[in-house]
Amino acid sequence: MATTQHAPQRLVTRASAEVIELVQDAADISGVSVSDFLRECAIQRARAVISAHEEFTLSARGQEQIMQALENPSPINSKLRNAARRLKEHGGFYST
C-alpha cells in the first residue's frame with residue numbers, strides 16, 4: 001500500500017525580543033536549531049494537552065460507585081430497551 005507524503009508546512013508565530021532570546025538560548029544549550037527546539041516543544045505540549053483531555057481520574061468513592069453499578073446493574077426498563085433499539089436501527093455508536 002502506497003503512502004502519501006505531504007510537503008512540510010510552516011507554523012508562524014510572533015514573539016517579543018525577550019522570548020526570542022530565551023528560546024534561542026534554550027535551543028543553543030540543547031544543541032539544536034530554534035526550529036527543531038520549537039517543533040519538539042510544540043509536539044510535547046500538544047501530546048500533553050491531548051492526553052489530559054482524554055484521561056480522567058476517579059476518587060475512591062467514584063471507583064466504588066462504578067464497581068457497584070457494574071456488579072449490580074439496574075434492571076432493563078422500557079426506556080433503555082427503546083434506546084438500544086433506536087441505536088441498533090441507526091447503525092450503532094460509530095455510524096456516519
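The values are calculated or read from the model by the stated rules, or taken from the named source; none is laboratory data. Only a predicted model underlies this, so the values are computations on that prediction, with no experimental measurement involved. Every residue, glycine as well, gets a Cβ built from its backbone with ideal geometry; the counts of neighbours run over all protein chains shown.
Odds and ends about this structure:
- For the condition more than 24 Å from the chain's Cα centre (by Cα) and either among the β-branched types (Val, Ile, Thr) or modelled with pLDDT of 95 or more (or both), Glu40 does not qualify.
- Any chance Val34 is surrounded by 10 or more Cβ atoms within 10 Å (Cβ to Cβ) and either in contact with a Pro (Cβ under 9 Å, 6 or more places away or on another chain) or not charged (D, E, K, R) (or both): yes
- Qualifying position, being more than 23 Å from the chain's Cα centre (by Cα) and of a type in the set (S, T, N, Q), among Ser59, Ser74: Ser74
- Selection of first residues in region 41-53 that are part of a helix (DSSP H, G or I) and of second residues that are loosely packed, with under 10 Cβ neighbours inside 10 Å, restricted to Cβ pairs under 9 Å at least 6 apart or on distinct chains, gives the following pairs, ordered by first then second residue: Ala42/Leu11.
- Residue match in region 69-91 (condition: among the basic types (Lys, Arg) and modelled with pLDDT of 95 or more): no
- Residues of region 54-96 satisfying the condition of being in a helix (DSSP H, G or I) and of a type in the set (Val, Ile, Thr): Ile66
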